[in-house]
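*Asks:* Here you go, one structure.
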Amino acid sequence: MTRTNIYLEERQTAILDRIAGEEGVSRAEVIRRLIDRALAGRDDDLTADLAAIDESFGALGELDVPARGASDREAHLSRMWQVAA
C-alpha cells in the first residue's frame, strides 16, 4: 500500500466516521472501498441500479398516501404557475 494524504471537509469526515462505525472498519478502509467502487464504475452500472429498484419494490407498502382528487391537482398546479410567473 502507498500512504496518501488528502484534505477532507468536516462534513465528509463526519460521514466517513459514521459509515466506518456502522461497518466496524477504519475510515481509511471506507475510503479505499469507495475508491474501488468509483474506479470499477459501479456507480454507473444500470444493472445494479435496476436491481436496487426491484429490491425496493414494496418497501413503503404500509404507507398511507392521502387520496388526491382532480381539484387538488389543479389547485397545486395553479399555485405553481403563480409562483413561476
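The values are calculated or read from the model by the stated rules, or taken from the named source; none is laboratory data. Remember, it's a predicted structure, so these values are computed and weren't measured experimentally. A quick note on method: Cβ atoms are made from the backbone with ideal geometry, for glycine too, and the neighbour counts reach across all protein chains shown.
Results for (1) within 26 Å of LEU16 (Cα to Cα); (2) more than 28 Å from the chain's Cα centre (by Cα), shown as yes or no for each residue.
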residue	(1), (2)
ALA48	yes, no
ALA51	yes, no
SER56	yes, no
GLU62	no, no
VAL65	no, no
SER71	no, yes
TRP81	no, yes
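*Asks:* Right, here's the next one. Among (1) under 30 Å from MET1 (Cα atoms); (2) modelled with pLDDT of 85 or more; (3) surrounded by 10 or more Cβ atoms within 10 Å (Cβ to Cβ), there is one condition GLU22 misses while meeting the rest; what is its number?
*Replies:* Here GLU22 meets the rest and fails (3).
*Asks:* Check every one of the helices (runs of 4 or more DSSP H) wholly within the chain and list those with 1 or more residues that are in contact (Cβ under 8 Å) with a residue 12 or more places away in the chain and out of contact with any Lys or Arg (no Cβ under 8 Å at 6 or more places or on another chain).
*Replies:* 27-40
*Asks:* May I pose another question? Would you confirm, using the coordinates I've provided, whether GLU55 is of a type in the set (Asp, Glu), surrounded by fewer than 11 Cβ atoms within 10 Å (Cβ to Cβ) and out of contact with any Leu (no Cβ under 6 Å at 6 or more places or on another chain)? Even if it seems obvious, please write down each step before you answer.
*Replies:* Details: of a type in the set (Asp, Glu): yes; surrounded by fewer than 11 Cβ atoms within 10 Å (Cβ to Cβ): yes; out of contact with any Leu (no Cβ under 6 Å at 6 or more places or on another chain): yes.
So GLU55 fits the description; yes.
*Asks:* Among LEU63, LEU50, LEU39, which is at pLDDT below 80 and either surrounded by 10 or more Cβ atoms within 10 Å (Cβ to Cβ) or on the phi < 0 side of the Ramachandran plot (or both)? I'd like the intermediate steps shown before the answer.
*Replies:* Values: LEU50 fails: at pLDDT below 80; LEU39 fails: at pLDDT below 80.
The match here is LEU63.
*Asks:* Something else about it: Please go through the stretch 30-58 and give me each residue that is in contact with a helix residue (DSSP H, G or I) (Cβ under 7 Å, 6 or more places away or on another chain) and charged (D, E, K, R), ordered by number.
*Replies:* Correct list: ARG37, ARG42, ASP43.
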